[in-house]
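None of the figures in this text is laboratory data; all of them are computed from the coordinates on show. Please read these numbers as outputs of a predicted model, since none were measured by experiment. Because the Cβ atoms are built from the backbone with ideal geometry, glycine has one as well, and the counts that use them run over all protein chains shown.
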Amino acid sequence: MCVSEKVNLPKNRLNSLKKRLPSGYTCPFHPDLLMPTSAQNMLVICSDQHHPRMSGYRGHPYVQTPNLDRLAESGTHFTSAYCTSPVCTPSRMSFITGKYVHQIETWMIGFPLARDEMTWARRLDQAGIPTTMLGKMDLCGGYQDGGFTDHRIIHHRKAWPEIPRPEPWPDRMRGFTRPDKPRLIREAGPRPIASQVDISGQYDSYDHDRQVTDWALAYLQDRAGKPEGEPWCLYVGYLLPHWPFRIPDQYFDMYYPDHLDLPFDAHFPNESLHPAIRHFQEALDLGAVDEDIIRRTVAAYYGMITCLDDQVGELMAALDRHSLTEQTTIIYTSDHGESLGEHGLFYKQCAYEGSVGVPLILSGPEIPAGKTVAQPVDLVDLYPTILDWADLEPEADRPGNSWLPLTRGAVPRRPYAFSEFHGNFFRHDWYMLVRGDFKYVYYAKERPSLFNIVDDPNEMTDLAMDPSYEGVLKSFEATLRTICDPDDVANQAKRDLGLIGPDGTDYTN
């Protein structure tokens, strides 16, 4: 079938397809138009809290992810991808708008996105490409559609009723601890298949994702019945492998007790950590964590990843079944990672690789197969990537790069990845840059950290106190200050969180 006016493709998509016309081809009905030889659909799959190295395609010796492995084999995966803030709402609000957290001021969970912020979903919808969101995007408050043409969610995150907060947010103050955090580790393990709710009374990750997958399968079946050539963009937001660390028996039993790696540097407490990270570890209040608790938590987490992979496999099988694979670009990523005991830490929030790093795979008709990209990237790039796919130009205030040219060997205009954190368990804010061999972390009111993540991928040796790296530190700080003033941004975040009083008192000190 040729692309014709009957198909009603937006002009920008016709122009895009025209560029990709096979040499010598003309449409017999409309010579100015062409056959759709390239991907006209987009599927974005975002999991929650997936450690960047814990997949088969990344060479993990135990975690079984045959469907993600197939996706990576058919496409290109990135080995140095990062979220822009390692906690759910800020990360997702950043990647849906293509702006850094400090640009949109969604400092933490509970901060709603302003309705007038443009999103890639709205840009596509305005261009005539219908967009659908199924599952978790983690918008807060009354604004839930995020600019999508259609959306369905299960968990609705409430927004804080007043910003700036009239009372100091205690989660960032000295001495604060969260009692649920150690309990989630102690209770890790299998769950009955019939269980429907987590400890908060909501659908747990498994049941949430089962419903989202069913919605997505129905969506793909419906799209298969539409006229050929009508483009679409589907976003599927999963909860797995987010805590609580509970998963049906068959997934837990795949790994417990011995088919797993114990985390490195798993000391509780860990006296060797940077002072800011030590405060984070103390706020988690994990206490002594014995080896069997670690094994159960790791086994449950591995099982959650494999369960997630099974559901991704269902989506891939549906694309195949409905003859949509050859017309669909797929992006798989996660909103942030999970420390899983590394450095004596669990959860996210910190700038170590397991927490701030994310998996990233692109696959589709025009994506090189079996390729790996080591260039540092971050999730603010999702916005220009999706607009690039749709032949739309991002606004000038979007700092990201499209990933599509990088899959074909292009050199990015921005040679670093950036992340920032203004949320719970840290008294003071931090900012991270990854460039070349190094990762730099600027801690407000604390000394910085510096790691050579090529020679020292587990980040065991902090080079910041070595005088021979003074020039490297100064170069990184200079780059950071081209992105934002870290101290001014930190003060604004604290004011919004009620942590700086009317007289200027900083309650986190």
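3J(HN,Hα) along segment 49-64, derived from phi through the Karplus expression 6.51 cos²θ - 1.76 cosθ + 1.60 where θ = phi - 60°, amounts to 6, 8, 3, x, 9, 9, 8, x, 5, 8, x, 5, x, 10, 5, 9 Hz, with x in place of Gly and Pro.
Relative contact order of the chain, taken over Cα pairs closer than 8 Å and 6 or more residues apart, is 24 percent. When you count the other C-beta atoms within 10 angstrom of each residue and take the mean per peptide, 495-501, 357-363 line up highest first as 357-363, 495-501. Dimensions of segment 412-509 from C-alpha coordinates, computed as largest minus smallest value along each principal axis and given longest first, are 46, 30, 22 Å.
Order of 368-378, 443-453, 173-183 by packing, highest average Cβ count within 10 Å first? Display every interim value, and only then the final one.
Working: 368-378: 17.1, 443-453: 19.0, 173-183: 13.2.
Those peptides, ordered most packed to least, come out 443-453, 368-378, 173-183.
Only helical runs count toward this figure. For the chain, summing -39,500 (n - 2.57) over DSSP H runs of n ≥ 4 and dividing by all residues gives -9000 deg cm²/dmol at 222 nm. Estimated from the Cβ-Cβ distance and a Förster radius of 41 angstrom, the FRET efficiency linking ARG174 and GLU228 is about 0.10.
For segment 35-147, what D do you get in µm² per second when you plug the Kirkwood radius from alpha-carbon pairs into Stokes-Einstein at 37 °C and 0.692 mPa s? Could you put the intermediate results ahead of the total?
Details: Rh = 16.2 Å.
Rounded, D is 203 µm²/s.
For a paramagnetic label modelled on ASN509 (point 7 Å from Cα along Cα→Cβ), amide N atoms under 14 Å away belong, within segment 408-428, to 428.
Percentage of Cα-Cα pair distances in segment 88-246 greater than 25 Å, rounded to whole percent? The share of Cα pairs beyond 25 Å in segment 88-246 comes to 42 percent.
A simple rule links phi to the HN-Hα coupling: the Karplus curve 6.51 cos²θ - 1.76 cosθ + 1.60 with θ = phi - 60°, which for segment 261-271 gives 9, 6, x, 7, 6, 8, 9, 10, x, 10, 6 Hz, with x for Gly and Pro.
Please report Rg over Rh for the chain, where both radii come from the alpha carbon positions and Rh follows the Kirkwood definition. Kindly include the intermediate steps, with their values, before the conclusion.
Values: Rg = 22.7 Å, Rh = 23.5 Å.
My calculation of the ratio gives 0.97.
From most to least packed by mean Cβ count within 10 Å, the peptides 206-215, 102-111 give 102-111, 206-215.
Using a ≥ b ≥ c from the Cα gyration tensor of segment 274-433 (square roots of the eigenvalues), is it rounded, prolate or oblate, where a/c under 1.5 gives rounded and otherwise the larger of a/b and b/c decides, a/b for prolate?
Working: a/c = 2.80, a/b = 1.42, b/c = 1.98.
Judged from the Cα gyration tensor, segment 274-433 comes out oblate (a/c at least 1.5, b/c at or above a/b).
Principal-axis analysis of the Cα atoms of the chain puts helix 205-224 at an angle of about 10° to the longest axis.
Shown here: segment 296-358, whose C-alpha atoms stretch 47, 25, 11 Å along the first, second and third principal axes, sorted largest to smallest.
Could you tell me the distance between the Cα centroids of segment 67-124 and segment 244-259, to the nearest Å? Rounded to whole Å, the Cα centres lie 29 Å apart.
Only bridges whose two residues both fall in the chain count here: according to DSSP, what percent of them are antiparallel, nearest 5?
Details: 24 of 54 bridges.
Of the beta bridges lying entirely in the chain, close to 45 percent run antiparallel.
With the biggest extent put first, the Cα atoms of segment 372-413 measure 27, 17, 15 Å across the principal axes.
Taking R0 as 51 Å, what FRET efficiency do you get between ALA369 and SER468 from their Cβ-Cβ distance, rounded to the nearest 0.05? Present the calculation step by step, with values, prior to reporting the outcome.
Numbers: r = 42 Å, r/R0 = 0.83.
So, using R0 = 51 Å, E works out to roughly 0.75.
Going through the cross-link list LYS136/LYS439; LYS439/LYS494; LYS439/LYS474, which pairs have a Cα-Cα distance over 22 Å in this structure? Those over the limit are LYS136/LYS439; LYS439/LYS494.
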